[in-house]
1. Helix 237-253 against the longest principal axis of the chain: what's the angle in degrees, Cα atoms only, rounded to the nearest 10?
2. Would you list the P(r) distribution for the chain, with all Cα-Cα distances sorted into 10 Å bins from 0 and each bin expressed as a whole %?
3. Only Cα pairs under 8 Å and at least 6 apart count here; give the relative contact order of the chain as a rounded whole percent.
4. Going by the alpha-carbon gyration tensor, a ≥ b ≥ c the square roots of its eigenvalues, is the range 164-301 rounded (a/c under 1.5) or, if a/c is not under 1.5, prolate (a/b greater than b/c) versus oblate?
5. Projecting each Cα onto the charge dipole of the chain (Lys/Arg +1, Asp/Glu -1 at the beta carbon, about the Cα centre), which of 9, 253, 224 comes out farthest on the positive side?
6. Can you give the angle from 0 to 90° between the axis of helix 107-144 and the longest principal axis of the chain, with both taken from C-alpha atoms, to the nearest 10?
7. In debye, nearest 20, what is the charge dipole magnitude of the range 1-83 about its Cα centre with +1 on Lys and Arg Cβ and -1 on Asp and Glu Cβ, if you could check?
8. Per DSSP helix of 4 or more residues, -39500 (n - 2.57); summed, then divided by the residues of the chain. What does that give at 222 nm, rounded to the nearest 500?
Amino acid sequence: MKVLVADDSAVPRLILERTLRSLGHETVTVVDGHEAWAIYPVFQPDVILSDWMMPGMDGIELCRRIRAAHTDRYSYFVLVTAMTEVEHVITAMAAGADDFIVKPLQQTALEATLIGAARVTALHEELRTQRSALERLNGLLHDDARRDALTMIGNRLRLSEDLAAAVAEIDRTGRPSCIALLDIDLFKRYNDVLGHPAGDVALRSVGQALAGSIRSVDTVYRYGGEEFLILLPDQTLEEATAAIEGVRTAVEHLGIPHPDNPSSRVITISGGLALATPGAPTDVNDWLRRADVALYEAKAAGRNTIVVSGRERDAV
């Protein structure tokens, strides 16, 4: 184990250092509590053997500081002293010490203390490892709960969280943002002709094409069925229109055959674009509604096109 020894008396410190090294422990010795506190985060000891009475910072204060540090690594703290009264033992334990050894030190007592320390630190390390694994698992579960299982892009849960955050960000930064609601054209006919397994493959392909055609700060979600939504933060209407037109072209260029799409014979998308601006009250449901109305207009205009929300068109 790694053992840090703090003792202002040279002879006991030297004897303890030699004994610990003879037992196979990596040992660092310091002359007072201040030096121990300075080297503690660097050395990261498994065990600290500290004299109680030291100038400057005594063993009790050193123990309190180390316990208050809340580091991931647990150090087994042993106070070494000539005091034997019960109240001193209680004081040591109340400060956070794990054990209490009375001078002069006997090697058998020291070895027994170190065996106990090894068990305790091993348990703490096991708990730390389990906690880290649990945190990673929770992170994966958190991400999985916000990912569409078919297309592997964001789902409605993640969308609702991100839209609420986007509205707050618009107010904070004073920069506009846009959303685009997209729908695969005549997708029911596609499923009717080619079957739902082929439809699932097409949905995955379109979803990945959308994700691959946007900026790293943009996010694509499966809105439901064959509908997708793209959140474009910190973009003007003109910038977002150009970006979504590029997305529409990317899907068309996939060239996925659609025998019942008379205009192009491949899968295409239609989209509705809506803007949210700072200073104007932005309701998420209204933002979505405006994008949905624009999408409906795109469908009515012949599909495979992008239409800007009427409110934005009127403002131009």
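1. So the helix axis and the longest Cα principal axis differ by about 80 degrees.
2. Reading the bins upward from 0: 6, 21, 18, 8, 7, 11, 14, 10, 4, 0.
3. Details: 513 pairs, mean separation 40.4, N = 316.
Across the chain, relative contact order equals 13 percent.
4. Details: a/c = 2.29, a/b = 2.06, b/c = 1.11.
Taking the square roots of the gyration eigenvalues as a ≥ b ≥ c, the range 164-301 is prolate.
5. 253
6. 10
7. Values: 8 positive and 11 negative charges, 43 e Å.
Once rounded to the nearest 20, the dipole reads 200 debye.
8. Details: 11 runs with 164 residues, N = 316.
Only helices count here, giving -17000 deg cm²/dmol.
The values are calculated or read from the model by the stated rules, or taken from the named source; none is laboratory data. Predicted, not measured: the structure shown is a model, and the values here were computed from it. Cβ coordinates were reconstructed from backbone atoms using ideal geometry, including for glycine residues, and neighbour counts include every protein chain displayed. The protein model used for the area step is the full one, side chains on, heavy atoms only, and it has no ligands, DNA or RNA in it. Shrake-Rupley method; radii C 1.70, N 1.55, O 1.52, S 1.80 Å.
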